[in-house]
1. Around B:GLY138, what is the net charge, scoring Lys/Arg as +1 and Asp/Glu as -1 over all other residues with Cβ under 10 Å from its Cβ?
2. Cβ neighbours within 10 Å, averaged per peptide: list A:177-183, A:66-72 in order, most packed at the top.
3. When the helix-only estimate is applied to chain B (DSSP H runs of n ≥ 4, each -39,500 (n - 2.57), divided by the residue count), what is the mean residue ellipticity at 222 nm, nearest 500 deg cm²/dmol?
4. Using Stokes-Einstein with the Kirkwood hydrodynamic radius over Cα pairs, what translational diffusion coefficient do you get for the range A:53-186 at 20 °C and a viscosity of 1.002 mPa s, in µm²/s rounded to a whole number?
5. Are there residues in the range B:220-265 whose accessible area shrinks by at least 50 Å² when all protein chains are included rather than the chain by itself, and which are they (probe 1.4 Å, ligands and nucleic acids not counted)?
6. Express the Stokes-Einstein translational diffusion coefficient of the protein assembly as shown in µm² s⁻¹, to the nearest whole number, given a Kirkwood radius over alpha-carbon pairs, 4 °C and a viscosity of 1.567 mPa s.
7. Can you pull the percent of the range A:184-293's accessible area that's carbon plus sulfur, 1.4 Å probe, other chains left in place?
8. Under a 1.4 Å probe, what is the accessible area of the protein assembly as shown per residue, stated in Å²?
Amino acid sequence: MRKKIVDYIGIVLILALLSNVFFLHSEIRDLTKNYPDEYRSYYIPSSLQMKFFSLGYHHAFSDLLYLWFLQFYDWYNKSVRYSYMVHTFEVMTDLDPKHQEAYTIAALFAFIPLKYDLVYKFLDKGIEKNPENFVLPYDAGCYAFFSEKNYERAVKYFEIAYKRNPDKSLLKNLYAKALSRKGDLDAALDYFEDIYARYKDDTTDEGNYYRSAAMRHIWVTKNAIAERDVKEAVSKYRQKYGKNPLNLRILVNEGFLSKIPKDPLGEDYNYDSNTGEIKCVSKFDPKAITGRW
Amino acid sequence: MTNKIDWLFFIKQITSISKNTYKESIRSKIFYILMAFAVLILGFAVILSFLTIGSQKRIILDLGLAGISFFSVMTSIFVGIGLIYVEIEKKTIYNVLSKPMPRSLFIIGRYFGMMAVLGTNLLAMLLILTVLLAIFKGFTLMVFYAGFFIYMELAVITAIAIFFSSVASPVLSAICTLAFYLIGHTSSTFPEILVPLLHNQFEKKVAIALFHLLPDLSMLNVCNLITYEIPIAQGFTIRAIIYTFSYVLVLLVAACLIFRKRDLV
């Protein structure tokens with residue numbers, strides 16, 4: 001009889017405790033449901049500690065962290081998620097400095113809200129830690145060139161990418177384009193002419209693409225150089241005489257131009273003495289160019 | 001001539017003890033439980049690889065090799081710690097030691113038997129990983145090179161387990177062997193973490209001496225190099241093998257010396 005009472009008390013106690021646990025759990029969940037997601041309990045130790053605790057399996061830990069990073073930062077609506085992103089990224093890439101996807105994906109996540117400072121911070125580390133890698137500077141250059149339109153920065157990154165892989169025409173082409181947009185037309189023209197020379201007789205798809213792209217770039221850049229030179233010369237002439245010259249020959253005679261500029265097909269530019277600007281009258285025609293360049 | 005006969009006798013004794021150890025260990029439940037965990041980890045690596053962007057092959061490779069290495073070491077520790085002690089506890093060791101043979105042969109036979117078990121285990125897991133990598137077109141022969149160095153690490157860990165098993169109870173042996181495993185994988189961080197914390201020159205020298213003296217298991221871990229196919233330093237393999245054998249010899253000789261004088265009653 002006594003034993004049975006003890007059994008019953010035990011069962012009642014277990015049930016009471018379980019119900020207590022159930023209600024407590026519900027209450028705690030209610031209390032914490034309004035916490036921002038970022039404050040939920042997660043903690044990533046420092047790189048040094050992670051290196052210590054990963055027991056030599058640095059890459060495996062970096063992979064796990066990367067997977068977590070993908071799941072967590074892929075959730076765009078978090079208000080302060082970027083406050084912890086840098087730390088997570090640092091640990092991940094300290095554990096495996098060659099983890100290319102970690103750099104590119106972190107940069108992509110930072111790019112979505114246009115946090116360029118973070119984009120370049122992430123990619124700069126990858127560029128520094130992977131001196132052979134050309135994808136990371138290429139990636140950084142694309143963000144600078146196509147999105148931020150920061151051509152000076154784009155030149156810096158495309159130059160690194162191009163120097164790391166000089167055989168890749170895509171990099172050379174982008175580097176030249178960035179130089180051109182930055183205003184360094186002469187250097188850009190050299191690179192476009194190199195590309196054209198390389199693919200001049202190449203009839204493959206790649207050859208056709210780069211040759212025709214280079215033709216157009218050379219055309220535009222040569223015209224831009226001529227326009228720039230004339231503009232500068234006219235400006236100097238105007239400073240001296242208070243008016244625009246009547247023709248380009250006067251600029252040459254006065255020593256403001258070394259020679260009368262010719263368009264990419266070797267024809268004269270149309271000079272307007274009212275505006276002091278030149279205009280290319282020839283039409284861009286790849287077939288016409290092919291025989292002449 | 002006499003020497004030759006003795007060697008043959010020794011080899012026969014070691015072989016028969018090894019065979020028995022192999023049969024005994026391969027039937028151990030712990031062995032199968034840990035192997036099942038390792039296979040699960042390999043499967044888990046494949047599932048995880050679907051969650052990633054662009055690193056599928058490397059995730060299977062990294063987690064696969066780490067899982068194989070970790071569970072092989074756990075097998076080595078938890079099967080290895082009972083190898084000597086359980087024999088003494090069950091008094092089955094008397095049947096073996098009553099034969100005209102040195103006690104040391106028992107330790108050596110046990111060690112080789114355990115290494116054969118671990119070799120089988122490792123090979124099976126590497127083959128599974130190979131198949132997985134082949135499916136995901138990420139197979140590289142270097143997986144077997146990494147496997148060879150996991151085996152080298154197991155050689156050291158098993159020698160440590162055998163050493164402690166011959167002098168202490170299984171629980172204490174497990175704790176001590178696990179401690180050595182942790183030390184082996186963290187001693188490489190001594191100069192980076194421990195030394196800057198020390199202010200006394202003598203303490204720093206002791207820390208550096210320990211850094212060189214303690215088993216550096218992280219040095220035998222080439223898994224991280226395999227991912228990027230980074231070439232292994234010239235002369236590394238042979239030096240690492242000699243390093244491993246030196247450590248194994250030190251531990252086995254110490255275990256034999258202690259076991260020779262141990263009172264088994």
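The values are calculated or read from the model by the stated rules, or taken from the named source; none is laboratory data. Note that this is a predicted model, so its numbers are computed, not measured. With ideal geometry, Cβ positions are generated from the backbone for all residues, glycine too; neighbour counts draw on all protein chains shown. For the accessible areas, the whole protein counts, side chains as well, though only heavy atoms, and no ligand, DNA or RNA atoms are used. Shrake-Rupley method; radii C 1.70, N 1.55, O 1.52, S 1.80 Å.
1. Taking every Cβ under 10 Å from that of B:GLY138, the sum is +3.
2. A:177-183, A:66-72
3. -26000 deg cm²/dmol
4. For the chosen part, D equals 138 µm²/s.
5. Checking the loss per residue gives B:ASN224, B:TYR228.
6. Working: Rh = 30.1 Å.
Approximately 43 µm²/s, per Stokes-Einstein.
7. Numbers: 3040 of 6660 Å².
The nonpolar share, carbon plus sulfur, comes to 46 percent.
8. On the way: 30190 Å² over 558 residues.
About 54 Å² of surface per residue is accessible.
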